[in-house]
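All remarks here apply to the structure that follows.
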Amino acid sequence: MGSPRERGSVSSVLRHTDSPDFARATHRAISHGASSPRIAILGAGAAGLCLSIQLLHAGIRTFEVYEKSDGVGGTWRDNTYPGAGCDVPSHLYSFSFAAKRDWSRKYAQQPEILEYFESLVERFQLKPHLRFGAEVTAATWKDETSCWQLRFADGTEAEVDVIVSGLGQLNRPYIPAIPGLDSFSGPLFHSARWNHETDFRHQRVGVIGIGASAIQFVPPVAAEAATVTLFQRTANYVAPKNDREFTPRERRLFKFVPGAQRAYRFGIYCKLEARWSFMRRRSRLGALMQKKFATQLAPLASDRLTSEALIPEYVPGCRRILISDDWYPTLLKKSVSVETAGVDRITASGVVTSDGTEHALDVLIFGTGFTTTEFLAPIEVTGRHGKKLSDVWESGARAFLGLAVPEFPNLFLMYGPNTNLGHNSILFMIEQQVQHIVGLLQRMVVERIEAVEPSAVAMENFDSFIEGATARTVWAEDCSSWYKNASGRVTNNWPAPTVSYRRLLKRGHSAEWLTSTLRSDP
Ligand code: NAP
């Protein structure tokens, strides 16, 4: 028989769990024999690594990171296309507790970012906790034992008390089901599964989907290929990146002058945060920016490069504003053309557009992004009373604080619904989430809490806030973007400045979380 439980009590207001006192209490409880929950972290990307490090810091060692591939780094491991890099300035693109101070350039490229994340494994001794080649396919909550049953792709199973997903929003490449897709005779691949064997020299290359990834890989591909045809449905706002290498003097400054890197990093954060004003609906700044783009791009238009292909018709920010120093020079190349007629079908030798034109191609690349709005899918998650997460999220994913869902106890999400940003670094959001989750887990240890989940009322209130706030953002405007699900609900973005999110999560773990406590044996 299991230990007696007190169920349904609302927790006291849990405050200051990130205080040193609370950390000490957790360490003390564990050293006095308190058991800590068995935790499964899904994914060894930025979020999974961040949580692992902070758990160790909190004295909680009972966790394993399940990663389906054979290495850490998540998106930075998957996206190896030429030109892959970050559009957040490098000095803000490392964790605050493990800031990298020797970045080579203002905007780091993928190999350097991946190297940073890989370096954390050794630095924080995470190796014993990493399980590679472990793909979770199902998670089922067992009410009788208050634990999760995990099933893996290889048929094995495991039992854990807590699941924290670090799968994020951009991990499943999306290739649209265009008729004839399988008939193409040349190399065909998605940007996140780059085919490094392909030699682009003397090749006619087609690119379907022009977003954040394509604007990075098209310039290097166009530098080699005979021709590049871009099949673009929607024009993007592409602002200058002003990327460059740091000078040796700057690098010495960041490395050796105390506080220099921190001040620079904080400056970047503030500058990006100020861009929130562009995310407001009907902002004056947005209107000015739209006008400025139209004026500056109009002279580039020609018979070959139409203004439709160049000038976006929606408000800036409705889709992600992209940055590049070589996008427009690439579009102006004679070997590059932009097709705005829709893709009708794919044949063995190319693409046929809706105007009936046949475009002969040797290589076809998809820059069509990711399946972004289904979050934990394709993992089959079943909560209390057999409830399926896919059913709960049928009309769009939602989670209290972007972190948890009622009736799915001890299941936490990092970079979950409504926590993506259009203006600042996602690592900032991940750090806030990790701190909150670790606080809850520490509380579970110290107070012998067996299960925690948000109350239905808390979820409803939070959802109303998200809906109201989102309606006041530019994402509510009429444009297609990966921030929205099929019914047009913005399921991905946080509709306020990042400081508001931080404040909300710092407020402590309030009575909005329901707990069930494992009572001490008499
Ligand atoms: P994306 O921005 O979502 O772009 C996908 C493109 O594919 C869009 O142009 C879309 O057109 C097009 N598309 C989708 N379905 C199509 C279809 N059936 N036919 C024709 N075109 C189709 O994807 P992404 O470029 O991979 O970027 C996704 C996200 O990854 C970014 O927004 C960003 O958050 C992240 N990312 C970040 C960086 C970075 O520097 N930090 C770099 C790369 C990616 P429509 O717009 O018309 O639907």
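Taken together, the residues in segment 478-487 that are open to solvent by 40 Å² or more (accessible area, probe 1.4 Å) and either away from the ligand (no atom under 13 Å from the Cβ) or of a type in the set (Gly, Ala, Ser) (or both) amount to 3.
The residue list Gly342, Gly367 contains one member that is within 16 Å of the ligand (Cβ to nearest atom) and surrounded by fewer than 19 Cβ atoms within 10 Å (Cβ to Cβ), which is Gly342.
Picking from residues in segment 133-165 that are under 15 Å from Phe408 (Cβ atoms) and at pLDDT below 95, the one that is least open to solvent (accessible area, probe 1.4 Å) is Ser146. Checked against the criterion of being touching a helix residue (DSSP H, G or I) at 6+ places or on another chain (Cβ under 9 Å), touching a residue at least 60 places away in the same chain (Cβ under 8 Å) and farther than 30 Å from Val405 by Cα, the candidates Leu253, Leu188, Leu167, Leu181 yield just one match: Leu188.
Within segment 490-502, track down each residue that is out of contact with any Lys or Arg (no Cβ under 6 Å at 6 or more places or on another chain) and either of a type in the set (A, V, I, L, M) or more than 16 Å from the ligand (Cβ to nearest atom) (or both). First the steps, then the outcome.
So in segment 490-502, the residues out of contact with any Lys or Arg (no Cβ under 6 Å at 6 or more places or on another chain) come out as 491-502.
The answer is Pro495, Ala496, Pro497, Val499, Ser500, Tyr501, Arg502.
When you look at Glu308, is it within 16 Å of the ligand (Cβ to nearest atom), in a loop (DSSP other than H, G, I, E, B) and among the acidic types (Asp, Glu), yes or no? Answer is no for this residue.
Applying the criterion of being open to solvent by less than 30 Å² (accessible area, probe 1.4 Å) and not small (Gly, Ala, Ser) to the residues of segment 374-383, the residue that is nearest to Thr137 (Cα to Cα) is Ile379. The residues on offer are Ser90, Ser104, Ser96, and the sole one that is outside the structural domain of Thr198 (by TED's automatic domain parsing), surrounded by 23 or more Cβ atoms within 10 Å (Cβ to Cβ), modelled with pLDDT of 95 or more and closer than 19 Å to Gln261 by Cα is Ser90. With respect to the conditions (1) surrounded by 23 or more Cβ atoms within 10 Å (Cβ to Cβ); (2) in contact with a Gly (Cβ under 8 Å, 6 or more places away or on another chain); (3) part of a strand (DSSP E or B), His359 lacks only one, and its number is (1).
Take the residues in segment 151-180 that are of a type in the set (Gly, Ala, Ser) and assigned to a strand (DSSP E or B), then tell me which one is nearest to the ligand (Cβ to nearest atom).
We begin by selecting, within segment 151-180, every residue of a type in the set (Gly, Ala, Ser); these are 153, 155, 158, 165-166, 168, 177, 180.
Pick out the ones that are also assigned to a strand (DSSP E or B) and you get 158, 165.
Details: Ala158: 31, Ser165: 18 Å.
Among those residues, the one meeting the criterion is Ser165.
Looking across segment 445-469 at every residue that is open to solvent by less than 10 Å² (accessible area, probe 1.4 Å) and assigned to a helix (DSSP H, G or I), the one that is farthest from Asp161 (Cα to Cα) is identified as Ala469. When you go through (1) within 15 Å of the ligand (Cβ to nearest atom); (2) in contact with a Lys or Arg (Cβ under 9 Å, 6 or more places away or on another chain) one by one for Asp362, which number turns out not to apply? Here Asp362 meets the rest and fails (1). Each residue in segment 398-429 was checked for being at pLDDT 95 or above, part of a loop (DSSP other than H, G, I, E, B) and out of contact with any strand residue (DSSP E or B) (no Cβ under 9 Å at 6 or more places or on another chain), and 4 of them qualify.
When the residues of segment 181-223 are filtered to those that are in a loop (DSSP other than H, G, I, E, B) and within 13 Å of the ligand (Cβ to nearest atom), the one that is surrounded by the fewest Cβ atoms within 10 Å (Cβ to Cβ) is Trp194.
The values are calculated or read from the model by the stated rules, or taken from the named source; none is laboratory data. Note that the structure is predicted; figures quoted are calculated from it, not measured. Cβ: placed from backbone, ideal geometry, glycine included. Neighbour counts: every protein chain shown. To get the accessible areas, we keep the full protein, side chains included, count just its heavy atoms, and leave off ligands, DNA and RNA. Shrake-Rupley method; radii C 1.70, N 1.55, O 1.52, S 1.80 Å.
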